1. Of all residues in the stretch 159-205, how many are within 19 Å of the chain's Cα centre (by Cα) and of a type in the set (Lys, Arg)?
2. Within the stretch 1-61, considering only helices (runs of 4 or more DSSP H) that don't extend past its boundaries, which have at least 1 residues that are among the acidic types (Asp, Glu) and within 21 Å of Ala103 (Cα to Cα)?
3. If you check Ala7, Ala28, which single one turns out to be under 22 Å from Ala106 (Cα atoms), in contact (Cβ under 8 Å) with a residue 60 or more places away in the chain and surrounded by fewer than 22 Cβ atoms within 10 Å (Cβ to Cβ)?
4. Given the criteria assigned to a loop (DSSP other than H, G, I, E, B), surrounded by fewer than 24 Cβ atoms within 10 Å (Cβ to Cβ) and without any contact (Cβ under 8 Å) to a residue 40 or more places away in the chain, does Gly235 qualify?
5. From the list Arg281, Arg259, Arg244, which one is modelled with pLDDT under 95 and not hydroxyl-bearing (Ser, Thr, Tyr)?
6. Identify all residues within the stretch 104-139 that are outside any helix (DSSP H, G or I), surrounded by fewer than 18 Cβ atoms within 10 Å (Cβ to Cβ) and out of contact with any Ser or Thr (no Cβ under 7 Å at 6 or more places or on another chain); write none if there are none.
7. Just one of Arg68, Arg129, Arg73 is among the charged types (D, E, K, R) and either in contact with a strand residue (DSSP E or B) (Cβ under 9 Å, 6 or more places away or on another chain) or touching a residue at least 24 places away in the same chain (Cβ under 8 Å) (or both); which is it?
8. Suppose we filter Ala203, Ala188, Ala152 for residues that are touching a residue at least 40 places away in the same chain (Cβ under 8 Å), in a helix (DSSP H, G or I), surrounded by 20 or more Cβ atoms within 10 Å (Cβ to Cβ) and among the small types (Gly, Ala, Ser); which single one remains?
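The values are calculated or read from the model by the stated rules, or taken from the named source; none is laboratory data. This is a predicted model, so every value here is computed, not measured. Positions of Cβ are backbone-derived with ideal geometry, glycine not excepted, and every protein chain shown enters the neighbour counts.
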Amino acid sequence: MLDGGLATRLEAYGRDLGGGLWSARLLAEEPDVIRRVHRDYFEAGADVAIAAGYQASVPAFTARGYGRAEAERLVVRSVELALAERDAFGSGLVAAGVGPYGAALADGSEYTGAYDLDEDGLYQWHAERWRLLVGAGADLVACETIPSLAEARALARLVRETPGVRAWMSFSCRDGGHISDGTPMREAVAELAPLHADGGLVAVGVNCTAPRFVPSLVRTVAEAGVPAVAYPNSGEVWDAAAQRWTGTGEPEEFGAEARLWREAGAALVGGCCRTGPEHIRSVRAHLS
């Protein structure tokens, strides 16, 4: 069992996450509230806390006036906070959060893969943060909301270059058969399957995607002989014109759908945007 949406829970506590740093800003300003969110999810039944590193990067912090040493310290702090809360709770695992390049751009490109960097450029961009995060002591690395095969390849190179690291790779997906840049999921998982066989990847799958697309995506991963990870959003849709969420994100319905993901082959299950502790409790209850 993975946790649910970090930013969603921070907003429930009244925190304004506006600006390019989003939740990463609280690593500097309110680290205790991030620990509180990790505790909420452990208490709700999560076995794995994903650390608050999604938007945290050295360039993002330095662009907003932080010195380089302080920026590096804040990236590492994302893992340290999750580890401290895990240790205080007494059980669980911590996954360092590695968000996509698009999260740092804050332009929505994590849902399209329309980047200004090629695979080599993405490798170089991720390398600095990767070294900081894998040295921070997390049990796993969560490479999440990856929109393109090029970015997946760049991150896979880093996994291969870091013996002993265990990671998962989860894509943002446009439908039930393709990741966000249009690459068929079947093709993406075929490229990553050898890295699972070598022990570097524990799972491949999907996050921050509509729940209705998850069963077919997970099934594709499982059919390739790779354990699947699934932590979609709540099912609600953002109406940009009206500036509000539409649709339903009922925890009970989310939990019931999680049984379908598990039946399709998901070994790691949780929630992403617009999910909270109540969704994780529901998933735990339904899967139990």
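1. 2
2. In the stretch 1-61, 6-12, 25-29 are the helices (runs of 4 or more DSSP H) which contain 1 or more residues that are among the acidic types (Asp, Glu) and within 21 Å of Ala103 (Cα to Cα).
3. Ala7
4. yes
5. Being modelled with pLDDT under 95 and not hydroxyl-bearing (Ser, Thr, Tyr) holds for just one of Arg281, Arg259, Arg244, which is Arg244.
6. Scanning the stretch 104-139 gives Ala106, Asp107, Gly108, Ala114, Asp116, Leu117, Asp118, Gly135, Gly137, Asp139.
7. Arg129
8. Ala152
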